[in-house]
1. Can you pull out the residues in segment 128-164 that are under 19 Å from GLY42 (Cβ atoms) and open to solvent by 60 Å² or more (accessible area, probe 1.4 Å)?
2. Of the residues ALA66, ALA128, ALA114, ALA77, which single one is in contact with a strand residue (DSSP E or B) (Cβ under 7 Å, 6 or more places away or on another chain) and part of a helix (DSSP H, G or I)?
3. Just one of the numbered conditions (1) within 29 Å of GLY176 (Cβ to Cβ); (2) open to solvent by 60 Å² or more (accessible area, probe 1.4 Å) is not true of SER98; which one?
4. Give the residues of segment 23-63 that are free of Cβ contacts under 8 Å to residues at least 60 places away in the same chain, out of contact with any strand residue (DSSP E or B) (no Cβ under 7 Å at 6 or more places or on another chain) and among the small types (Gly, Ala, Ser), sorted by residue number.
5. Kindly establish whether VAL105 is in contact (Cβ under 8 Å) with a residue 12 or more places away in the chain, part of a loop (DSSP other than H, G, I, E, B) and open to solvent by 60 Å² or more (accessible area, probe 1.4 Å).
6. If the requirement is being at pLDDT below 95, at negative phi and out of contact with any Ser or Thr (no Cβ under 9 Å at 6 or more places or on another chain), which of these qualifies: PRO88, PRO95?
7. List pairs: first residue in segment 121-136 and free of Cβ contacts under 8 Å to residues at least 40 places away in the same chain, second residue β-branched (Val, Ile, Thr) anywhere in the structure, Cβ distance under 7 angstrom, at least six positions apart or on different chains.
8. I'd like to check which helices (runs of 4 or more DSSP H) are fully inside segment 159-205 and have at least 2 residues that are within 17 Å of PRO72 (Cα to Cα).
Amino acid sequence: MSTTPTDANRKEKSMETKAPSRYHERLTSDNAALLLIDHQVGLFTGVRDIPVGELKHNVVALAKAARVLGVPTIVTATSPELWGPTIPELTQALPGSSIINRTTVNAFDEPRFAKAVEATGRKKLIIAGVSTETCLAFPAIYATAAGYDTYAVIDASGTFSETKRITGLLRMVQAGVIVCDYATVAVEMLKDNASPKAGDLYAALDMPWAGLVGQLAGAFASTK
């Protein structure tokens, strides 16, 4: 069956007008900002879907990686008098950074937080939070609706049951939030392992197997 001129024209027009979606555009250190929401001592005591030690490692590593890459980072805590301060490991990883304390459930309902995000000038928001279905999902869904490309870092977030984790993930995916992990967003922004920042970035990420890879590379280099 031959293709009619009309069909061919439609196909050509479709190919010409198809624009890249947020799912295809790359994260870079120039278009992204990192939002760390409610990584607080009291909330960490209730986390059940990921080991607390692993969660601490991942969010601190993500913060350090963002610092290496020069990605602006905003930290917020909700009602510290109720849920405790931000975990000390995170504040130590971001020396000189201020924490925006608030009472609102959705971080974007706090004007100072919303203005801080807007002031970064970045269109892609990498977000992690405790808890996943509330402190991460609510601002991630809001930001997506507001026109940002939103990346939810699941292994730098945690919640209080597997049910909450699953329902939070489903709700974010239904709303168009991009689900990811802490190391992948960092290496996507690194872009090139030949970058002078690569060594510091992988050290920041502190992936157990990455140290072995570095040792192997050094061993092979020494035999040449």
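The values are calculated or read from the model by the stated rules, or taken from the named source; none is laboratory data. Bear in mind the structure is a predicted one, so any value in this text is a computation, not a measurement. For neighbour counting, all protein chains shown are included, and Cβ atoms are generated from backbone atoms with ideal geometry for every residue, glycine included. Please note that ligands, DNA and RNA were not included when accessible areas were found on the heavy atoms of the full protein model with its side chains. Shrake-Rupley method; radii C 1.70, N 1.55, O 1.52, S 1.80 Å.
1. Listed by number, the residues that qualify are PHE138, PHE160, LYS164.
2. ALA66
3. Among (1) within 29 Å of GLY176 (Cβ to Cβ); (2) open to solvent by 60 Å² or more (accessible area, probe 1.4 Å), SER98 violates only (1).
4. GLY42, GLY53
5. Details: in contact (Cβ under 8 Å) with a residue 12 or more places away in the chain: yes; part of a loop (DSSP other than H, G, I, E, B): yes; open to solvent by 60 Å² or more (accessible area, probe 1.4 Å): yes.
In short, yes.
6. Details: PRO88 fails: at pLDDT below 95.
Only one candidate qualifies: PRO95.
7. GLU133/THR159; GLU133/THR167; THR134/VAL105
8. 182-190, 198-205
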